[in-house]
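**Q** Take a look at the following structure, please.
The values are calculated or read from the model by the stated rules, or taken from the named source; none is laboratory data. In this text, all values refer to a predicted model and were calculated from it rather than measured experimentally. Reconstructed Cβ throughout: ideal geometry from the backbone, glycine too, with neighbour counts over all protein chains shown.
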Number of protein chains: 2
Amino acid sequence: ELRDCIVQHFAGNHQLLASKSILITAGPTREAIDPVRYLSNHSSGKMGFALATAAQQLGAQVTLVSGPVQLPTPPGVTRIDVVSAQDMYEAVLAQVEQADIFIGCAAVADYRPEQIADSKIKKHQDTMHLSLVKNPDILATVAHQPNPPFTIGFAAETDDVVRYAQDKLEQKRLRLIAANDVSDTQIGFNSDDNAMQLLWQDEQGQLQQLSLNRASKLQIATQLLQHAATLMK
Amino acid sequence: ELRDCIVQHFAGNHQLLASKSILITAGPTREAIDPVRYLSNHSSGKMGFALATAAQQLGAQVTLVSGPVQLPTPPGVTRIDVVSAQDMYEAVLAQVEQADIFIGCAAVADYRPEQIADSKIKKHQDTMHLSLVKNPDILATVAHQPNPPFTIGFAAETDDVVRYAQDKLEQKRLRLIAANDVSDTQIGFNSDDNAMQLLWQDEQGQLQQLSLNRASKLQIATQLLQHAATLMK
């Protein structure tokens with residue numbers, strides 16, 4: 001630990017996020033169909049946990065709101081566990097006022113079943129229809145607050161990655177978006193590596209883009225936070 | 001390991017399942033909606049893995065077909081990993097001819113989405129309808145074969161546990177069914193303990209019932225296998 005401190009000190013970024021409070025969401029959400037079954041997605045939570053680790057190492061106060069994942073809490077990070085998108089929305093809104101930076105890295109389920117059955121649904125028919133309703137949009141809610149934190153989103157896509165990311169940046173009023181192609185298994189949901197495009201609008205409203213080449217998720221997380229710190233100046 | 005062998009030898013059941021081949025399914029299945037999203041359930045796989053461990057300790061040749069779980073393979077057990085119910089069905093049918101005993105412990109998804117989208121579904125509407133179709137019934141398929149293995153099923157229910165288990169025993173032509181109440185978190189999906197009712201029909205076609213009181217999943221697994229060995233004689 002002393003060695004890490006010394007290394008970071010001479011690396012010159014030991015206090016890049018000192019005095020900053022960062023709120024990060026990570027992992028998937030699970031949307032209950034009945035007490036046994038649920039809808040979810042393939043997020044492992046690794047990227048969000050790497051961001052929490054990197055932010056803490058850069059001196060920030062970090063709160064991590066995590067969906068169900070199999071990962072240990074990074075040292076020095078405050079963790080709040082949630083299950084559903086609605087839970088995550090409530091946990092984020094309860095914490096966001098204190099946050100200087102919000103990073104929505106969780107793969108929040110866009111839809112949830114319209115009704116949750118109290119007991120296990122019995123299967124009789126050959127087909128079944130599940131009616132889903134939209135979950136609250138956590139990222140857009142945070143970014144549309146009167147005095148929002150510096151809000152960073154993620155776009156995990158399987159095609160037209162940059163185009164979807166640009167739409168999301170503008171529609172949700174994000175300050176920065178990280179786009180990655182989850183159809184590439186080398187850098188996908190359960191991988192330890194990642195690579196991404198960062199997109200943002202400069203002060204003249206021009207779209208800017210920066211590629212972070214393939215590296216460990218912790219290295220990518222550090223680069224992303226360093227870039228965000230530069231934009232916040 | 002030597003110690004375990006000696007203990008088992010003097011316990012007198014070291015060869016209770018010697019020369020038997022056992023095929024066990026464990027864990028949940030995941031049913032893809034698109035490359036990112038899926039339907040699943042809360043099975044941790046712990047009970048199925050405990051059965052594999054216990055069967056191996058009782059001298060059996062064990063093949064474990066497992067859905068996506070976070071568990072190490074028990075020593076001496078052959079493991080086949082699968083994702084969807086259809087994958088599990090195919091893996092089981094490829095192995096079942098060699099099996100003397102089949103234990104369907106997996107929480108197989110009853111339904112899968114009618115279509116799997118090739119790319120991530122974009123969310124535009126406020127509501128979404130998911131059409132589901134029934135998955136193949138692995139347990140019933142195995143038990144209805146011309147020369148079936150001794151087939152054991154599980155009924156994980158939230159209410160009317162014994163009644164549903166009895167129906168399942170008869171409709172699927174099982175030799176033994178283990179019923180447990182997954183609404184009880186002390187013995188539920190992610191717990192290390194379990195408790196269950198065993199139900200079977202005796203040679204006169206009379207329904208018989210035996211309670212296995214709360215104990216570790218490994219102890220419950222051993223008791224279940226010992227009881228199955230008795231019924232097979």
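**Q** Examine region A:168-177 for a residue that is among the acidic types (Asp, Glu), more than 14 Å from every other protein chain (Cβ to nearest Cβ) and assigned to a loop (DSSP other than H, G, I, E, B), and state whether such a residue exists. Please lay out each step first, then the result.
**A** We begin by selecting, within region A:168-177, every residue among the acidic types (Asp, Glu); these are A:170.
Going one step further and asking which of them are more than 14 Å from every other protein chain (Cβ to nearest Cβ), we end up with A:170.
Within this subset, residues satisfying the condition of being assigned to a loop (DSSP other than H, G, I, E, B) are none.
No, region A:168-177 contains no residue that is among the acidic types (Asp, Glu), more than 14 Å from every other protein chain (Cβ to nearest Cβ) and assigned to a loop (DSSP other than H, G, I, E, B).
**Q** Filter region A:88-107 down to the residues that are part of a loop (DSSP other than H, G, I, E, B) and in contact with a Gly (Cβ under 8 Å, 6 or more places away or on another chain) and list them by number.
**A** Those that are part of a loop (DSSP other than H, G, I, E, B) and in contact with a Gly (Cβ under 8 Å, 6 or more places away or on another chain): A:Cys105, A:Ala106.
**Q** Could you grab me the full set of residues in region A:84-108 that are within 15 Å of the chain's Cα centre (by Cα) and either closer than 14 Å to A:Gly45 by Cβ or without any contact (Cβ under 8 Å) to a residue 12 or more places away in the chain (or both)?
**A** Answer for region A:84-108, where residues must be within 15 Å of the chain's Cα centre (by Cα) and either closer than 14 Å to A:Gly45 by Cβ or without any contact (Cβ under 8 Å) to a residue 12 or more places away in the chain (or both): A:Met88, A:Ile103, A:Gly104, A:Cys105, A:Ala106, A:Ala107, A:Val108.
**Q** Give B:Val92, B:Val62, B:Val83 a once-over and let me know the one that is within 22 Å of A:Tyr38 (Cα to Cα) and either at pLDDT 95 or above or not hydrophobic (A, V, I, L, M, F, W, C) (or both).
**A** On the way: B:Val92 fails: within 22 Å of A:Tyr38 (Cα to Cα); B:Val62 fails: within 22 Å of A:Tyr38 (Cα to Cα).
None of the other options fit; the residue is B:Val83.
Per-residue answers, yes or no, for (1) assigned to a strand (DSSP E or B); (2) not small (Gly, Ala, Ser):
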position	(1), (2)
B:Thr141	no, yes
B:Gln145	no, yes
B:Ala155	yes, no
B:Thr185	no, yes
B:Gln197	yes, yes
B:Glu203	no, yes
B:Gln208	yes, yes
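**Q** Which of the residues belonging to region B:120-129 are more than 7 Å from chain A (Cβ to nearest Cβ) and either touching a Cys at 6+ places or on another chain (Cβ under 8 Å) or assigned to a strand (DSSP E or B) (or both)? Show your work before the answer.
**A** Going through region B:120-129, the residues more than 7 Å from chain A (Cβ to nearest Cβ) turn out to be B:121-122, B:124-125.
None; the set is empty.
**Q** Testing A:Ser131 on (1) among the small types (Gly, Ala, Ser); (2) modelled with pLDDT under 95; (3) within 21 Å of A:Leu225 (Cα to Cα), one condition comes back false. Which one is that?
**A** Unmet for A:Ser131, out of (1) among the small types (Gly, Ala, Ser); (2) modelled with pLDDT under 95; (3) within 21 Å of A:Leu225 (Cα to Cα): (3).
**Q** Can I ask one more? Output the number of the condition that B:Glu157 fails; it satisfies all remaining conditions of (1) of a type outside the set (Gly, Ala, Ser); (2) surrounded by fewer than 21 Cβ atoms within 10 Å (Cβ to Cβ); (3) free of Cβ contacts under 8 Å to residues at least 40 places away in the same chain.
**A** Against the list (1) of a type outside the set (Gly, Ala, Ser); (2) surrounded by fewer than 21 Cβ atoms within 10 Å (Cβ to Cβ); (3) free of Cβ contacts under 8 Å to residues at least 40 places away in the same chain, B:Glu157 comes up short only on (2).
**Q** What do you reckon, is B:Ala117 in contact with a strand residue (DSSP E or B) (Cβ under 6 Å, 6 or more places away or on another chain), assigned to a loop (DSSP other than H, G, I, E, B), within 30 Å of A:Asp110 (Cα to Cα) and facing chain A (nearest Cβ under 10 Å)?
**A** On the way: in contact with a strand residue (DSSP E or B) (Cβ under 6 Å, 6 or more places away or on another chain): no; assigned to a loop (DSSP other than H, G, I, E, B): yes; within 30 Å of A:Asp110 (Cα to Cα): yes; facing chain A (nearest Cβ under 10 Å): yes.
The answer is no for B:Ala117.
**Q** Moving on. Pull up region A:178-197, narrow it to residues that are hydroxyl-bearing (Ser, Thr, Tyr) and more than 10 Å from chain B (Cβ to nearest Cβ), then point me to the one that is nearest to A:Gly45 (Cα to Cα). I'd like the intermediate steps shown before the answer.
**A** Filtering region A:178-197 down to residues hydroxyl-bearing (Ser, Thr, Tyr) leaves A:183, A:185, A:191.
Still in the running and more than 10 Å from chain B (Cβ to nearest Cβ): A:185, A:191.
Numbers: A:Thr185: 15, A:Ser191: 10 Å.
Per the stated criteria, the residue is A:Ser191.
**Q** Taking A:Pro72 as meeting all but one of (1) buried (at least 19 other Cβ atoms within 10 Å of the Cβ); (2) free of Cβ contacts under 8 Å to residues at least 60 places away in the same chain; (3) farther than 21 Å from B:Ala109 by Cβ; (4) within 14 Å of chain B (Cβ to nearest Cβ), write down the number of the exception.
**A** (1)
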